[in-house]
Amino acid sequence: MRKPRDFDADLKVLDDKARELKTRKVRQLGELVIATGADTLSAEELAGALIVLAETKEAGKREAWAKRGAAFFQGRARRNAPTTDQNSHGAPAQPSGAQPASSRKSAT
């Protein structure tokens, strides 16, 4: 006879996995804020800027922001990767710190 499936245990495993993914996402967002230097902004300033970004529908602006973001991640990958194995497709799993203020540009 077949063993009955424990749906409660399955749900608990899925819930734990979802909680872990959410925690990882929050941690990575925090690391991104620090790496970009946005941790120097107040919570209100940061929230306001993110709201404006999320509400913007202009494709040109969004594309320009995406290009700057890609350049940021590629620049970090070049600084953090060994010279023989550079990662040109994204950010490192855990950023090592904030970018110097002198090399940041203001967002437009």
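The values are calculated or read from the model by the stated rules, or taken from the named source; none is laboratory data. Quick caveat, the model's predicted, so the values are computed rather than measured. All Cβ positions, glycine included, derive from the backbone under ideal geometry; neighbour counts span all protein chains shown.
For this structure, a couple of remarks:
- Selection status of ARG19, at pLDDT 95 or above and either among the small types (Gly, Ala, Ser) or within 19 Å of PHE72 (Cβ to Cβ) (or both): no
- Filtered residues of the stretch 35-46 (kept if more than 22 Å from PHE73 (Cα to Cα) and surrounded by 10 or more Cβ atoms within 10 Å (Cβ to Cβ)): GLU45
- Pairs with Cβ under 6 Å, 6+ apart, first in the stretch 67-87 and part of a helix (DSSP H, G or I), second at pLDDT below 90 and of a type outside the set (S, T, N, Q): PHE73/GLY90; PHE73/ALA91; ARG76/ALA91; ASN80/PRO92
- Flag if GLN28 is part of a helix (DSSP H, G or I), at pLDDT 95 or above, within 14 Å of the chain's Cα centre (by Cα) and not hydrophobic (A, V, I, L, M, F, W, C): yes
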